[in-house]
1. So if I take the alpha carbon set of the range 11-169, get Rg, then get Rh from the Kirkwood formula, what is the Rg over Rh ratio?
2. Seen from all sides and averaged, what is the projected area of the convex hull of the Cα atoms in the range 40-290, in nm²?
3. Give the separation of the Cα centroids, the range 14-34 to the range 136-181, in Å.
4. Do any trypsin sites (Lys or Arg not before Pro) in the range 104-213 lie in a DSSP loop with no more than 14 other beta carbon atoms within 10 Å, and if so, which?
5. Could you tell me which residue out of Ile171, Ala275, His71 lies farthest along the dipole of the chain toward its positive end? Charges go on the beta carbon: Lys and Arg +1, Asp and Glu -1, centred on the Cα centre.
6. Given a cut-off of under 8 Å on Cα pairs at least six residues apart, what relative contact order in percent is computed for the range 155-252?
7. Build a GNM of the chain with springs between Cα atoms under 10 Å: which of Leu136, Leu116, Leu56 gets the top mean-square fluctuation?
8. What is the angle, in °, between the Cα long axis of helix 148-173 and the longest principal axis of the Cα atoms in the chain? Nearest 10 is fine, range 0 to 90.
Amino acid sequence: MLMKHGMLLFKIILTLSLLYAVFYYVDVQMVWKQMLAINLWYLLASWLCIVVGYILCGLRWAWMAQGLGIHISHKRKIRLYFLGMFTSLFLPSTIGGDVVRGVLLAKGEGRQGLGLLAAASVILDRLNGMYALIVLLTISMLFFSWPMVWWVSWLLLLVTMWIGLLLYPWIHTHLPEFFHKIKELPLNSRMFQRMWWKSLPISFVFQVMVVQAHFFLAMGVGLEMNWAAISIMVGLVALVATLPISLNGFGIREAGYVSFAVYFGGNSESATAMAALWIIVLSLAALPGAFILWRLGGLKALK
């Protein structure tokens, strides 16, 4: 309990410290002015990208679960995905929403004993998205000049990830008994492998749509960064923001966007305005999850 409260305190301190640093560095009045001046069509276009992206991710998660042997309607999984996105904005961790949708997937009549499979479907859904994000980042980085050390390190990571992925069906059958829970999962089955590779293009399209949503916001606030630069900014910040070290990635996201914008020659106030508008877009895109939560009986029923 003490460790749990200590970790929460650390998240609060880190989040507030990073936000304070950002608002100390930028002209807050200019940020506010840029937010108010944005053309609403840019907001709408950004919102539409994320809503469609969430639907695609719900479909991807449905395929992951199907590959593991969980047979529930795709419509229900898409609804649970929206619920997870909504709760992730209000629970004290970006993985909070993943926990919610995993638990609800395992609950219900005829689904006893699916806890391990449901948890695995959520983790593998995230992992599938991460592989696609790494691919998009690699393509985007080709448009810039980087130090040789950076390229060697990145390519080593890339090669290791893909070799591990291609060899995993064999690795799975040779895992030591200590990993017996993982060995129980049908990760080397033909069905799961088919669903995994089928999901990768969906994950890539979703990552592209997330970057495009940011690009619309950047255009709206006058942030002069090309698509590849925004892709690198969004992708690398997203990887760091998934670590449970801040409140829902707040602070890390804003500080990361400002830092990358300055690195690529953009305006820090515009980057801050884009970050703030991004939270608004995410909140609006996740609103269907609020309706689903209400249909479930609210937070009391969820607990």
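A short reminder: the numbers here are calculations on the coordinates, not readings from a lab. In this text, all values refer to a predicted model and were calculated from it rather than measured experimentally. Note that we place each Cβ from the backbone using ideal geometry, even for glycine, and neighbour counts take in every protein chain shown.
1. Answer for the range 11-169: 1.05.
2. 14.1
3. 36
4. Details: sites: Lys107, Arg111, Arg126, Lys181, Lys183, Arg190, Arg194, Lys198; in loops: Lys107, Arg111.
Sites meeting the loop and neighbour criteria: Lys107.
5. Of Ile171, Ala275, His71, it is His71.
6. Result for the range 155-252 is 13 percent.
7. Leu116
8. 20
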